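The values are calculated or read from the model by the stated rules, or taken from the named source; none is laboratory data. This is a predicted model, so every value here is computed, not measured. Ideal geometry is used to build each Cβ from the backbone, glycine not excepted, and the neighbour counts take in all protein chains shown.
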Ligand SMILES: [Zn+2]
């Protein structure tokens, strides 16, 4: 019982931290470093108690593109000099994004969220999901923990990215994951693919689609307007970030392995963009690719 209470307290703290974070998302690198060291000490304490959870850190993972950014890739240079100002040009032409700053520059207001991939040990309160997965490596100096996490970024409007990060500390693990997510951005195809609905708005998926990673398989199914996301919580976070409001899902295989299921969902969403859809059907089920802007809405009406 003690364990459970402790966990709840921690959870509350975490929520508090998150709300503070929302108010003041900007931190300087200096501050971050300080926090990181503080956190390191805090973690040592936590380890002594064998509590695996590590509170979510400050810092939304976003650093505004600074003037010090010296682009190394050709695409980076094109973006830094303002030759490319539209993310669609990059995504539609399948250009490879090698620098996270490209995304900072073109999509400065992306949201980010950690997905729960870890699991706490423990007799009673164990089994709860954590944002960091901790692994131990036994060495001569003792146990060396490593933290891994998955970050999902997106604009809630047709664009998401997902990335993994692993490090000895939680903050760098999250930073790595965020950076990787920025290099792994995709456009989402939305639509109203539910026969019961037919409302003509892209609130769901255009059709049923599956993705598979390892033995984990997920099928995302269009749902009528107002259904909500009747899917697992982590999958819901991904769909929400993508701007999909209504969907059902069916999962098969090793569903315990959250990481595989998360990536299977990402694969399914990717699959949507690969499908060739004839223009008539496209209109019928209101297919929209990428972000919906006022302009794109006007175009749709004109069509
Ligand atoms: Zn609909």
Scan of the stretch 222-241 for residues that are within 16 Å of the ligand (Cβ to nearest atom) and crowded, with 20+ Cβ neighbours inside 10 Å, ordered by number: 222, 223, 229, 239
Hits in the stretch 272-289 (condition: assigned to a loop (DSSP other than H, G, I, E, B) and within 16 Å of the ligand (Cβ to nearest atom)): 285, 286, 287
Condition check for residue 181: under 22 Å from residue 291 (Cβ atoms), buried (at least 20 other Cβ atoms within 10 Å of the Cβ), within 15 Å of the ligand (Cβ to nearest atom) and modelled with pLDDT of 95 or more: no
Subset of the stretch 132-178 (residues that are under 22 Å from residue 94 (Cα atoms), in contact with a helix residue (DSSP H, G or I) (Cβ under 8 Å, 6 or more places away or on another chain) and surrounded by fewer than 17 Cβ atoms within 10 Å (Cβ to Cβ)): 156
Residue match in the stretch 193-208 (condition: within 15 Å of the ligand (Cβ to nearest atom), surrounded by fewer than 22 Cβ atoms within 10 Å (Cβ to Cβ) and under 18 Å from residue 181 (Cα atoms)): no
Some residue of the stretch 245-262 being in a loop (DSSP other than H, G, I, E, B) and within 15 Å of the ligand (Cβ to nearest atom): yes
Of the criteria (1) within 22 Å of the chain's Cα centre (by Cα); (2) without any contact (Cβ under 8 Å) to a residue 12 or more places away in the chain, which one residue 98 fails: (2)
